[in-house]
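Enquirer: I'd like to ask you about the structure that follows.
The values are calculated or read from the model by the stated rules, or taken from the named source; none is laboratory data. None of the values given here were measured: they were computed from a predicted structure. All Cβ positions, glycine included, derive from the backbone under ideal geometry; neighbour counts span all protein chains shown. In case anyone asks, the SASA skips ligands and DNA or RNA and just uses the protein heavy atoms, side chains included. Shrake-Rupley method; radii C 1.70, N 1.55, O 1.52, S 1.80 Å.
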Amino acid sequence: MAIAAPAHPTACLALADGSVFYGMGFGATGQTVAEMCFNTAMTGYQEIMTDPSYAGQIVTFTFPHVGNTGTNSEDDETGDPVAAGMVVKWMPTDPSSWRATQHLSEWLAARGRIAIGGIDTRRLTRAIRQQGAPHAALAHNPDGEFDIAALVAAAREFAGLEGMDLAKDVTCAQSYRWNEMRWAWPQGYAPQTEAKHKVVAIDYGAKRNILRCLASAGCEVTVLPASATFEDVMAFEPDGVFLSNGPGDPAATGSYAVPMIRDVLEKTELPMFGICLGHQMLALALGGKTVKMSHGHHGANHPVKDIETGKVEITSMNHGFAVDAQTLPDGVIETHRSLFDGSNCGIRMEGRPVYSVQHHPEASPGPQDSYYLFERFAQAMADRI
């Protein structure tokens with residue numbers, strides 16, 4: 001079915017089931033094809049669009065007022081937007097934030113990302129929740145001319161994220177050092193000058209604010225590509241190993257990432273901490289399995305229960321795959337669980353300082369309830385000295 005079009009539509013979104021949404025385009029012109037997902041966060045659209053975990057996805061924002069704080073260079077989570085496209089209810093207004101340096105539409109256009117506004121995002125979100133994350137084609141043409149049949153066909157031909165190793169597309173090309181700490185008023189991002197622990201962070205698509213949180217917790221951070229071997233990691237004589245977030249199918253990335261993690265676990269006693277895809281990589285290395293979710297978890301308001309303490313934390317999430325808790329072997333303990341659907345959100349090794357979580361404790365965007373996990377990692381390294 002086709003949703004009623006505005007008087008002069010300049011963009012359209014076509015789903016693989018034949019549904020077409022017309023609206024007004026902004027950002028770059030052209031066409032993109034990807035998996036659709038929705039994000040319920042009320043703030044942080046710039047951080048979301050630049051989160052490498054969104055590679056291969058078009059993001060629908062359920063909050064209608066997107067763009068009203070503009071954009072600025074400090075809020076990017078990586079060099080350029082990684083999400084394939086943006087879908088919003090209302091067209092972005094002129095920015096009203098004192099931190100803004102560029103309009104959202106100009107920022108997207110300069111970075112080659114297509115966006116559409118003026119559509120019924122509630123209806124689209126319901127479709128995603130009921131049918132699962134659909135494949136979609138998004139087109140922006142100022143002339144308003146679209147080949148709908150070709151767009152639907154392109155959506156249907158999209159291969160999907162299952163079996164796709166996208167970490168290789170967003171990881172760093174070579175190792176580098178990171179010493180920038182979390183933003184604080186009035187100095188902004190201060191450098192880490194008194195590091196106590198040497199950490200090697202494996203970049204499967206690492207967000208900058210995760211690296212900042214490590215630095216703020218007293219870590220000297222060296223970032224290595226996703227393909228790093230055990231020998232690459234140990235060459236830096238780390239006190240701990242961190243496994244970052246990232247996009248795509250964890251089983252595909254695990255084909256080369258898991259052997260390194262297993263070597264670290266079997267040949268050393270180093271503390272290890274993983275987030276998001278890093279959590280899934282650790283679970284696979286320990287003998288667990290992952291599954292594709294219907295529509296995933298994307299937002300900044302997800303309640304997660306710490307099973308061991310009973311504490312409930314409000315968290316930020318962004319994942320379309322999950323660890324199957326039923327496949328975790330003896331010696332691997334489930335520590336956190338989603339209160340939305342009961343899916344796994346955390347594990348730890350019994351008797352070892354090795355743990356991971358599915359949610360994002362770096363709060364970019366989102367709440368800071370889980371920041372203590374970085375401090376726990378630092379304490380685990382301190383306890384070994």
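Enquirer: Rounded to the nearest 10 Å², what accessible area does residue 196 show when all protein chains are kept and the probe is 1.4 Å?
Expert: 150
Enquirer: Give me the mean projected area, in nm² to one decimal, of the convex hull enclosing the Cα positions of the stretch 1-149. Walk me through the intermediate numbers first.
Expert: Numbers: hull surface 32.1 nm².
Hull-based average projected area comes out at 8.0 nm².
Enquirer: Considering only 26, 158, 321, give the residue with the highest GNM mean-square fluctuation for the chain, with springs between Cα atoms whenever their separation is below 10 Å.
Expert: Comparing 26, 158, 321 in a Gaussian network model of the chain, the most mobile one is 158.
Enquirer: Looking at the chain, identify the longest residue range that excludes and avoids all GluC sites (Glu not before Pro) in DSSP loops having at most 12 other Cβ atoms within 10 Å.
Expert: Working: sites that count: 145, 194, 269, 308, 350.
Excluding the exposed sites themselves, the longest stretch runs over 1-144.
Enquirer: Which lysines does residue 292 reach when only Cα atoms under 20 Å apart count, and residues fewer than 8 places away in its own chain are ignored?
Expert: 168
Enquirer: Report the gain in length on full extension from residue 101 to residue 73: 0.36 nm times residue separation, minus Cα-Cα distance, nm rounded to one decimal.
Expert: Using 0.36 nm per residue and subtracting the Cα-Cα distance, I get 9.3 nm.
Enquirer: Kindly provide log₁₀ I(q)/I(0) values, in the same order as q = 0.14, 0.16, 0.20, 0.23 Å⁻¹, from the Debye equation applied to equal alpha-carbon scatterers of the stretch 103-194.
Expert: The Debye formula, applied to the Cα set alone, gives -0.91, -1.03, -1.21, -1.32.
Enquirer: Still on this structure, I have one more. What does the charge add up to near residue 119, with Lys and Arg as +1, Asp and Glu as -1, over the other residues with Cβ less than 15 Å from its Cβ? Don't jump to the answer; show the numbers that get you there.
Expert: On the way: positive: 89, 122, 123, 126; negative: 120.
That sum, taken over residues with Cβ under 15 Å, equals +3.
Enquirer: Also: Which parts of the stretch 33-60 would a label at residue 159 reach, counting a residue when its backbone N lies under 18 Å from a point 7 Å out along Cα-to-Cβ?
Expert: Taking a point 7 Å out along Cα→Cβ of residue 159, the residues of the stretch 33-60 whose backbone N falls under 18 Å are 33-36, 54-58.
Enquirer: Please work out the ratio of the alpha-carbon Rg of the stretch 250-385 to 2.2 N^0.38 Å and round it to two decimals. Could the numbers behind the result be given before it?
Expert: Numbers: Rg = 14.1 Å, N = 136, 2.2 N^0.38 = 14.2 Å.
So the Cα radius of gyration is 0.99 times the expected 2.2 N^0.38 Å.
Enquirer: I'd like to check one number: the per residue accessible area of the chain, probe 1.4 Å, reported in Å² as a whole number. Don't jump to the answer; show the numbers that get you there.
Expert: Values: 15440 Å² over 385 residues.
Value returned for the chain: 40 Å² of accessible area per residue.
Enquirer: Same structure again: Would you look at the GNM of the chain, springs on alpha carbons closer than 10 Å, and say which of 364, 356, 255 moves the most?
Expert: 255
Enquirer: Over all directions, the average projected area of the alpha-carbon convex hull for the chain comes to how many nm²?
Expert: Numbers: hull surface 72.9 nm².
That works out to 18.2 nm².
Enquirer: Could I ask something else about it? Kirkwood-based Rg over Rh for the stretch 318-385 (C-alpha set), two decimals? Kindly include the intermediate steps, with their values, before the conclusion.
Expert: Numbers: Rg = 13.2 Å, Rh = 13.3 Å.
Across the stretch 318-385, the Cα-based Rg/Rh ratio is 0.99.
Enquirer: Counting alpha carbon pairs within less than 8 Å and at least 6 residues apart, what relative contact order, in whole percent, applies to the stretch 196-290? The partial results should precede the final answer.
Expert: Values: 154 pairs, mean separation 30.4, N = 95.
For the stretch 196-290, the relative contact order is 32 percent.
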